[in-house]
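The values are calculated or read from the model by the stated rules, or taken from the named source; none is laboratory data. Predicted, not measured: the structure shown is a model, and the values here were computed from it. Glycine also receives a Cβ, built like all others from the backbone with ideal geometry; neighbour counts cover every protein chain displayed. These accessible areas exclude ligands, DNA and RNA; they are computed on the full protein's heavy atoms, side chains included. Shrake-Rupley method; radii C 1.70, N 1.55, O 1.52, S 1.80 Å.
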Amino acid sequence: MADLFANDIFSTIQPPHGAKFSLVGTALPTNQDMYFVSKWNELFNRYCSARIFLRKTQESNWDYWFNPMEKPDVQRAMELIFKAELYETALINYNILVDLSWTITYVSAEYVLYSFDKDGNITNAKDVYGMHPIEDAYDLLRKTENGVATPHAEGNPFHYLKMMLPDFSPAVDLIVDFWSRFSNSEIRGLYNFIKHKGKPLYSEIESLRGGKVMSISIDKRDYPSDIRDVQKIIELETAITELIGFDDNVLFPYIAKLIEMLNIAVDPSPMTFM
């Protein structure tokens with residue numbers, strides 16, 4: 001059976017493993033090497049998770065999700081309910097993946113962390129570059145992650161990175177361009193709705209539940225008489241198709257290009273790919 005997706009993330013986006021190198025003359029890994037490759041692995045694993053759940057929406061065997069129902073309409077409703085849950089999980093993972101694309105770029109490029117006093121004066125500056133003991137390297141990464149912000153947020157670090165580190169400028173430009181197109185998309189909007197506002201209904205499921213018991217009309221205007229009148233309703237099959245197309249045509253080219261650019265800019269030690 002043909003794969004659901006047009007692009008293979010294992011041959012293009014998966015980090016290399018089992019690298020062979022000579023200990024003589026091979027540079028030891030720096031913090032940036034470790035930060036970049038660790039986030040690369042996390043990003044790839046998140047991509048795998050998103051695709052796993054989206055693929056599951058295409059299955060026809062639901063026996064391992066719930067016990068078969070005697071009534072066909074109830075069986076169909078249960079299938080659609082689980083399909084919607086799988087879709088939402090995939091949607092959330094895809095959006096997390098987008099957020100991780102900012103994180104991998106920032107933690108790979110950041111080179112100093114500042115501490116400020118109450119008046120805004122620098123009291124301490126700690127280099128992120130170089131090599132640090134495990135405890136320090138771990139702590140620096142957690143603190144660096146805290147500096148990540150959306151590309152359009154006021155005070156976001158990406159403009160500063162472009163000025164200070166020209167090698168990372170192509171990656172930053174790619175992120176900003178992608179975000180300018182993606183931030184107002186249906187896929188991002190639905191993710192934000194689920195995260196902040198509630199759970200959408202799906203027209204395919206609602207059609208099986210029947211219509212409203214009653215309607216309220218005053219002065220030729222209809223008023224809410226059913227909670228569904230004020231709930232967000234979308235088409236499940238359309239949403240799934242759009243998410244597959246987003247993966248194929250938008251997300252995959254973006255992630256593949258970003259990883260390529262960052263790999264060139266960081267040029268990590270082969271030791272990080274053992």
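A count restricted to region 152-194 and to residues that are basic (Lys, Arg) and within 20 Å of GLN32 (Cα to Cα) stands at 1.
Filter region 169-184 down to the residues that are within 21 Å of the chain's Cα centre (by Cα) and either under 15 Å from THR103 (Cα atoms) or open to solvent by less than 30 Å² (accessible area, probe 1.4 Å) (or both) and list them by number. ALA171, VAL172, ASP173, LEU174, ILE175, VAL176, PHE178, TRP179, PHE182 - these are the residues of region 169-184 that are within 21 Å of the chain's Cα centre (by Cα) and either under 15 Å from THR103 (Cα atoms) or open to solvent by less than 30 Å² (accessible area, probe 1.4 Å) (or both). Put simply, of ILE240, ILE259 the only residue that is at pLDDT 95 or above, open to solvent by less than 20 Å² (accessible area, probe 1.4 Å) and within 15 Å of SER108 (Cβ to Cβ) is ILE259. Would you check if there is a residue in region 262-274 being in contact with a Gly (Cβ under 8 Å, 6 or more places away or on another chain), over 14 Å from VAL98 (Cα atoms) and part of a helix (DSSP H, G or I)? Yes; the residues of region 262-274 include at least one that is in contact with a Gly (Cβ under 8 Å, 6 or more places away or on another chain), over 14 Å from VAL98 (Cα atoms) and part of a helix (DSSP H, G or I).
Surrounded by 12 or more Cβ atoms within 10 Å (Cβ to Cβ), at pLDDT below 90 and among the polar types (S, T, N, Q), is that true of THR12? Talk me through it step by step, then tell me what you get.
Working: surrounded by 12 or more Cβ atoms within 10 Å (Cβ to Cβ): yes; at pLDDT below 90: no; among the polar types (S, T, N, Q): yes.
So THR12 fails the test.
Residue-level analysis places GLN32 among those that are open to solvent by less than 50 Å² (accessible area, probe 1.4 Å), more than 21 Å from ILE205 (Cα to Cα) and assigned to a helix (DSSP H, G or I).
Checked against the criteria, GLU206 counts as open to solvent by less than 70 Å² (accessible area, probe 1.4 Å) and closer than 26 Å to ASN93 by Cβ. Being modelled with pLDDT of 95 or more, closer than 30 Å to GLU235 by Cβ and open to solvent by 10 Å² or more (accessible area, probe 1.4 Å), is that true of even one residue in region 35-44? Among the residues of region 35-44, not one is modelled with pLDDT of 95 or more, closer than 30 Å to GLU235 by Cβ and open to solvent by 10 Å² or more (accessible area, probe 1.4 Å), which makes the answer no. Restricting attention to region 199-225 and to residues that are of a type in the set (Lys, Arg) and assigned to a loop (DSSP other than H, G, I, E, B), the residue that is modelled with the lowest pLDDT turns out to be LYS212. Taken across region 88-102, residues that are open to solvent by 10 Å² or more (accessible area, probe 1.4 Å), out of contact with any His (no Cβ under 8 Å at 6 or more places or on another chain) and farther than 26 Å from ALA153 by Cβ do occur, with at least one present.
Quick check: anything in region 147-163 outside any loop (DSSP other than H, G, I, E, B), open to solvent by 30 Å² or more (accessible area, probe 1.4 Å), among the basic types (Lys, Arg) and at pLDDT below 75? The answer is no; no qualifying residue exists.
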